[in-house]
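Here is the structure we will look at, set down as C-alpha cells.
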Amino acid sequence: MESGLSTLLSVSIDFETSHLFFPRIIHWLLACLFLLVLVFRVIPFLAAVRRGEHSLPIIGESMDVLRFFGTLALIAAYFYLMAAIGNLFPYTGYGFLFVSMAFVLLMSLLYMHERTRKNLGIAVVNAIVAPSLAWFVLAKLFNITLP
C-alpha cells in the first residue's frame, strides 16, 4: 500500500521539454479565444455585411496615406536604428533610450493635428520623459538588458 502511495506522490520532470509546459497552455488558450471571437463576432459581422446591413470598414473609406506610410517607415526605422545605435553603446540601453525619444517625438508630430506651441511642448516633454522613465525602470531597476 505504501509503495502505491509513494509512486502517486512522486514527481518526475523531463528538463528537456519542461520549459514548453506554460507556452503550450498559453497557445491553447489563445487558440480557444480566437475561435470564440471568430464565432461570436466575425461570423455574425460577415453575415450582416452579406445581408447589406453593414459594410466592410476597409473598403470605400478614404485613407490618410501620409500617416499610414509614415507610421510604417518610422516603425521600420525604429527597429533598425535601435539595433544600430545600441551597438555603439553595448549593454547600456542607450540605443533604446535615444531612438525611443526620437520615435515618440516623430510619431507625435505625425499625428498632431494642430501644431501649436503648447502641443509641441507637450510632445517634446512626453518624448523625453516617457522613454526615460521606461529606460530607468527596465534597465536600472530590473536590470533588463536593452538594445
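Screening LEU46 on (1) assigned by TED's automatic domain parsing to the domain that holds PRO131; (2) among the aliphatic types (A, V, I, L, M); (3) surrounded by 11 or more Cβ atoms within 10 Å (Cβ to Cβ) shows it passes everything except condition (1). Of all the listed residues (PHE98, PHE79, PHE68), the sole one being over 26 Å from LEU133 (Cα atoms) and under 22 Å from the mean Cα position of the chain (by Cα) is PHE68. Within region 64-78, does at least one residue satisfy the condition of being closer than 20 Å to ALA139 by Cβ and surrounded by 13 or more Cβ atoms within 10 Å (Cβ to Cβ)? Yes - at least one qualifying residue is present in region 64-78.
Taken over region 86-129, the criterion of being closer than 14 Å to PRO147 by Cα and either in contact (Cβ under 8 Å) with a residue 60 or more places away in the chain or not in a helix (DSSP H, G or I) (or both) is satisfied by GLY86, PHE89, PRO90, TYR91, THR92, GLY93. Pairing each residue of region 28-44 that is among the charged types (D, E, K, R) with any residue that is surrounded by 10 or more Cβ atoms within 10 Å (Cβ to Cβ) and not in a helix (DSSP H, G or I), provided the two are 6+ apart or on different chains, yields no C-beta distance under 6 Å.
The values are calculated or read from the model by the stated rules, or taken from the named source; none is laboratory data. If you're wondering where the values come from, they're calculated on a predicted model, not measured in any experiment. As a convention, Cβ positions derive from the backbone with ideal geometry for all residues, glycine included, and neighbour counts pool all protein chains shown.
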